[in-house]
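Colleague: Let me begin by handing over the structure; questions about it come next.
The values are calculated or read from the model by the stated rules, or taken from the named source; none is laboratory data. This is a predicted model, so every value here is computed, not measured. Backbone-built Cβ (ideal geometry, glycine too); neighbour counts: all protein chains shown. Calculation scope for accessible area: heavy atoms of the full protein, side chains included, ligands and nucleic acids excluded. Shrake-Rupley method; radii C 1.70, N 1.55, O 1.52, S 1.80 Å.
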Amino acid sequence: MPRDYYELLGVTREASDADVKKAFRSLARELHPDINRHDPEAEEKFKEVAEAYEVLSDSERRAIYDRFGHEGLRSGGYEPNFAGFGSVADIFEAFFGGGGPFGSVFGREGSGRGGDAAVEVSLTLEEVSTGVTREVDVELTATCSNCHGNGAEPGTPIETCPRCEGTGQLQSVSRSVFGQLVRMQVCDRCQGEGKVAREPCHVCRGSGQELKTETVSVEIPAGIDDGQRVRLPGRGHAGHRGGPAGDLYLLVGVEDDPRFERHGDDLVTRVDVPFTGAALGTTLKVATLTGDEEIELSPGSQPATVLRLRGRGLPQLRGRGHGDLHVVVNVLVPSKLNDEQRDLLRRFAESANGDTYPGPKHEGLFERIRHAFRA
């Protein structure tokens, strides 16, 4: 069953047109696949809210939906206008006239806000534990150094756009089962400015912008998790004709570490112990993120015993505490014995009695680990 359109946008049925548009802009920014590359369903989620917006932003369609629901729209022949589009960028173009890799939906109408940009960075667990400053190279649109953003070759005039006659908008009319539909879109000749350069700048070809690779220094906080993002306001693509720049998002990936398994702020590691060490007790050398530490294993320790090193996990993101390191004891049983060793084990087996071994344990490995996390 398709989800309720109001629920998808997070608005009530009494929401105004402005509330619907505001909710869609917010969700579009949140769900854009370029900043959710870790989520394979991001594009489909965006298309769902785009369909909801297309219906609820049109008074006739919204009235039909309010009265008859999805079935009423289908019986009337409604299909999303973007159903055949190849990309999210095309959908942004249909709704807002495009512009930038994240579309003008992220800016205020007419503001010329630059698009948001995203770059991926990979961290080790050690870097997560301390926080790190990274320098990343990112290709961004910047104000043209030759025309300073006005799109005209220096010393040449800027004239009224002949395509839109200075309005900055183009009007298209189409017919549907709901009647005549009129859609306004940004003029593709002047990009909504209403003016064009008589002689376009030879560097940016009249766009007022050029691509540059910038090196950006980013402070990544300790405790960040895989798939989280760091936002740098105003460090994205330059705004059009002097508008504000977009934001830059750093998409964080945390590399797997063969020594540890992460559970939030806690870490789990495994230490192999010969069965004699588990029986007699021994000193274990345990790897932590800050170097090896020694801990004592009590005599008679059983397989999957979990020891805890408090505060040896990862720091809380923007917090003051640290998680713990949970050490799982893996008891090694010998697989190759010489005659002398085999004889010693036989003699041991003959001397063992009911007090030699502990009673039956019903708690398995994963239960013990879960119990350790709860303790």
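Colleague: What is the residue count in the range 175-209 for residues that are at pLDDT below 70 and under 16 Å from residue 164 (Cβ atoms)? Spell out the reasoning first.
Modeller: Of the range 175-209, the ones at pLDDT below 70 are 175-182.
In the following step, the residues that additionally are under 16 Å from residue 164 (Cβ atoms) were identified as 182.
Residues in the range 175-209 being at pLDDT below 70 and under 16 Å from residue 164 (Cβ atoms): 1 in total.
Colleague: If you don't mind, another one. Picking from 309, 314, which residue would you name as being in contact with a strand residue (DSSP E or B) (Cβ under 6 Å, 6 or more places away or on another chain), open to solvent by less than 40 Å² (accessible area, probe 1.4 Å) and of a type in the set (A, V, I, L, M, F, W, C)?
Modeller: Working: 314 fails: in contact with a strand residue (DSSP E or B) (Cβ under 6 Å, 6 or more places away or on another chain).
It is 309.
This table checks each residue for (1) in a loop (DSSP other than H, G, I, E, B); (2) at pLDDT below 65.
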position	(1), (2)
19	no, no
45	no, no
52	no, no
78	yes, no
83	yes, yes
95	no, yes
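Colleague: Given the conditions (1) closer than 26 Å to residue 122 by Cβ; (2) open to solvent by 70 Å² or more (accessible area, probe 1.4 Å), report the number of the one that residue 289 does not fulfil.
Modeller: All conditions pass for residue 289, except number (2).
Colleague: Name the single residue, out of those in the range 203-226 being of a type in the set (A, V, I, L, M) and either open to solvent by less than 30 Å² (accessible area, probe 1.4 Å) or not in a strand (DSSP E or B) (or both), that is nearest to residue 254 (Cα to Cα).
Modeller: Let us first name the residues in the range 203-226 that are of a type in the set (A, V, I, L, M), namely 203, 211, 216, 218, 220, 222, 224.
From the residues that got through so far, the ones that are either open to solvent by less than 30 Å² (accessible area, probe 1.4 Å) or not in a strand (DSSP E or B) (or both) too are 203, 216, 218, 220, 222, 224.
Details: 203: 40, 216: 20, 218: 16, 220: 12, 222: 12, 224: 9 Å.
Taking the candidates together, the pick is 224.
Colleague: Residues that are open to solvent by less than 70 Å² (accessible area, probe 1.4 Å) and basic (Lys, Arg): does the range 266-275 have at least one?
Modeller: The first filter runs over the range 266-275 and keeps only residues open to solvent by less than 70 Å² (accessible area, probe 1.4 Å), leaving 266-269, 271, 273.
Applying the additional criterion that residues be basic (Lys, Arg) yields none.
The answer is no; no qualifying residue exists.
Colleague: Right, next: Output the number of residues of the range 229-238 satisfying the condition of being open to solvent by less than 70 Å² (accessible area, probe 1.4 Å) and part of a loop (DSSP other than H, G, I, E, B).
Modeller: Total satisfying the criteria: 4.
Colleague: While we're here: Tell me yes or no: at least one residue of the range 239-261 is in a strand (DSSP E or B), open to solvent by 40 Å² or more (accessible area, probe 1.4 Å) and touching a residue at least 60 places away in the same chain (Cβ under 8 Å). Explain how you work it out, then say what you get.
Modeller: Initially, the range 239-261 is screened for residues in a strand (DSSP E or B), giving 248-254, 261.
Filter once more, so that each one left must be open to solvent by 40 Å² or more (accessible area, probe 1.4 Å): 261.
Now narrow it down to the ones that are touching a residue at least 60 places away in the same chain (Cβ under 8 Å): none.
Within the range 239-261 (the criterion being in a strand (DSSP E or B), open to solvent by 40 Å² or more (accessible area, probe 1.4 Å) and touching a residue at least 60 places away in the same chain (Cβ under 8 Å)), the answer is no, since none of the residues qualifies.
Colleague: Could you please let me know if residue 13 is at pLDDT 65 or above and under 27 Å from residue 207 (Cβ atoms)?
Modeller: Working: at pLDDT 65 or above: yes; under 27 Å from residue 207 (Cβ atoms): no.
In short, no.
Colleague: Now for a different question. If I filter the range 278-294 for residues that are farther than 30 Å from residue 222 by Cα, part of a helix (DSSP H, G or I) and free of Cβ contacts under 8 Å to residues at least 24 places away in the same chain, do I get at least one hit? Can you show your working first?
Modeller: Just the residues of the range 278-294 that are farther than 30 Å from residue 222 by Cα, to begin with: 278-283.
If we keep only those that are part of a helix (DSSP H, G or I) too, we end up with 278-280.
With the extra rule that they be free of Cβ contacts under 8 Å to residues at least 24 places away in the same chain, the set shrinks to 279-280.
Yes, that holds for at least one residue.
Colleague: (1) closer than 23 Å to residue 223 by Cβ; (2) surrounded by 11 or more Cβ atoms within 10 Å (Cβ to Cβ); (3) modelled with pLDDT of 90 or more: which one isn't true of residue 372, the others all being true?
Modeller: (3)
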